[in-house]
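Q: Take a look at this one; I'll ask things after.
The values are calculated or read from the model by the stated rules, or taken from the named source; none is laboratory data. Bear in mind the structure is a predicted one, so any value in this text is a computation, not a measurement. Don't worry about glycine lacking a Cβ; one is built from the backbone with ideal geometry, like all the others, and counts go over all protein chains shown.
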């Protein structure tokens with residue numbers, strides 16, 4: 001199927017790779033169908049791109065890469081919706097917010113996107129766990145790209161916090 | 001909106017499987033006990049509002065290159 005997007009142009013997506021949510025993320029409940037797009041070949045960041053709304057896409061990442069002790073308990077009500085029987089089938093992604101012109105990067109650990117990777121059913125799960133913030137600062141390892149950073153940003157130090 | 005007055009120790013039953021019990025009233029704070037099947041999610045509304053606002057913020061129109069710069073991708077153009 002062809003998917004029209006504002007950021008990536010027209011994509012050819014295999015029908016069998018479409019992730020369907022019984023209800024879209026909060027605020028976007030009507031947008032239920034998504035695909036995952038790798039951001040760049042060498043990063044773990046991906047885009048959760050809406051199939052029906054070209055401009056709607058979220059930057060997502062595997063939270064365990066940044067928050068080693070992040071462990072979640074998906075409530076029974078949600079595992080039922082996700083038809084999740086085996087925890088190994090759960091792909092957990094955190095929505096990343098990039099704001100203040102790129103100087104602030106946060107992850108929404110309180111409401112991850114959980115995907116049954118076997119059946120490609122997704123859901124934004126609201127955790128009953130007050131350890132996790134909606135806006136947890138995320139520190140990106142930019143070691144490999146120091147040269148690029150210096151070239152692209154006149155004030156790299158301001159963003160490194 | 002249906003408005004019901006309840007005292008401490010009294011409860012409200014919604015449908016046949018949700019019970020809302022007033023446990024304690026202290027000043028302007030009310031403690032409620034909620035007895036509902038696990039299949040029914042129960043959340044504080046402020047949290048839902050915050051998540052909704054954060055989703056809207058996260059989906060704001062950032063382009064791919066801006067994200068690359070913010071993330072410091074080695075492959076960024």
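Q: Checking residue A:19 against (1) surrounded by 19 or more Cβ atoms within 10 Å (Cβ to Cβ); (2) under 28 Å from residue B:42 (Cβ atoms); (3) free of Cβ contacts under 8 Å to residues at least 60 places away in the same chain, only one condition comes out false. Which one?
A: Condition not satisfied by residue A:19: (3).
Q: Filter region B:25-45 for residues that are surrounded by 11 or more Cβ atoms within 10 Å (Cβ to Cβ) and away from chain A (no Cβ under 14 Å) and give the result.
A: B:25, B:30, B:31, B:32, B:33, B:35
Q: On the basis of being at pLDDT below 95, surrounded by fewer than 18 Cβ atoms within 10 Å (Cβ to Cβ), outside any loop (DSSP other than H, G, I, E, B) and more than 9 Å from every other protein chain (Cβ to nearest Cβ), does residue A:129 make the cut? I'd like the intermediate steps shown before the answer.
A: Numbers: at pLDDT below 95: yes; surrounded by fewer than 18 Cβ atoms within 10 Å (Cβ to Cβ): yes; outside any loop (DSSP other than H, G, I, E, B): no; more than 9 Å from every other protein chain (Cβ to nearest Cβ): yes.
No.
Q: Which of the following residues is touching a strand residue (DSSP E or B) at 6+ places or on another chain (Cβ under 7 Å), in contact (Cβ under 8 Å) with a residue 12 or more places away in the chain and more than 7 Å from chain A (Cβ to nearest Cβ): B:13, B:22? Can you show your working first?
A: Numbers: B:13 fails: in contact (Cβ under 8 Å) with a residue 12 or more places away in the chain.
Among B:13, B:22, only B:22 is touching a strand residue (DSSP E or B) at 6+ places or on another chain (Cβ under 7 Å), in contact (Cβ under 8 Å) with a residue 12 or more places away in the chain and more than 7 Å from chain A (Cβ to nearest Cβ).
Q: Have a look at B:2, B:48 and point out the one that is farther than 30 Å from residue A:79 by Cα and either within 7 Å of chain A (Cβ to nearest Cβ) or part of a loop (DSSP other than H, G, I, E, B) (or both).
A: Numbers: B:48 fails: farther than 30 Å from residue A:79 by Cα.
Sole residue among the options that is farther than 30 Å from residue A:79 by Cα and either within 7 Å of chain A (Cβ to nearest Cβ) or part of a loop (DSSP other than H, G, I, E, B) (or both): B:2.
Q: Any idea how many residues of region A:85-116 are within 14 Å of chain B (Cβ to nearest Cβ) and not in a helix (DSSP H, G or I)? Can you show your working first?
A: Within region A:85-116, the subset within 14 Å of chain B (Cβ to nearest Cβ) is A:93-114.
From what is left, the residues that are not in a helix (DSSP H, G or I) are A:93-99, A:103-114.
Looking only at that region, the number is 19.
Q: Is it true that residue A:36 is under 19 Å from residue B:59 (Cβ atoms), away from chain B (no Cβ under 12 Å) and at pLDDT 95 or above?
A: It is true that residue A:36 is under 19 Å from residue B:59 (Cβ atoms), away from chain B (no Cβ under 12 Å) and at pLDDT 95 or above.
Q: Continuing with this model, one more query. With respect to the numbered conditions (1) surrounded by 18 or more Cβ atoms within 10 Å (Cβ to Cβ); (2) within 26 Å of residue A:133 (Cβ to Cβ); (3) within 10 Å of another protein chain (Cβ to nearest Cβ), which one is the sole condition not fulfilled by residue A:31?
A: Residue A:31 satisfies every listed condition except (1).
Q: Going through region A:59-75 one residue at a time, which ones are touching a strand residue (DSSP E or B) at 6+ places or on another chain (Cβ under 9 Å) and in a loop (DSSP other than H, G, I, E, B)?
A: Let us first name the residues in region A:59-75 that are touching a strand residue (DSSP E or B) at 6+ places or on another chain (Cβ under 9 Å), namely A:59-64, A:66-67, A:70, A:72, A:74.
Answer for region A:59-75, where residues must be touching a strand residue (DSSP E or B) at 6+ places or on another chain (Cβ under 9 Å) and in a loop (DSSP other than H, G, I, E, B): A:62, A:66, A:67, A:70, A:72, A:74.
Q: Moving to a separate point now. Kindly indicate whether any position in region A:61-74 is in contact with a helix residue (DSSP H, G or I) (Cβ under 8 Å, 6 or more places away or on another chain), facing chain B (nearest Cβ under 10 Å), surrounded by 14 or more Cβ atoms within 10 Å (Cβ to Cβ) and under 28 Å from residue A:5 (Cα atoms). Let's see the steps before the verdict.
A: Just the residues of region A:61-74 that are in contact with a helix residue (DSSP H, G or I) (Cβ under 8 Å, 6 or more places away or on another chain), to begin with: A:70, A:74.
Filter once more, so that each one left must be facing chain B (nearest Cβ under 10 Å): none.
Looking for residues that are in contact with a helix residue (DSSP H, G or I) (Cβ under 8 Å, 6 or more places away or on another chain), facing chain B (nearest Cβ under 10 Å), surrounded by 14 or more Cβ atoms within 10 Å (Cβ to Cβ) and under 28 Å from residue A:5 (Cα atoms), one finds none in region A:61-74, hence no.
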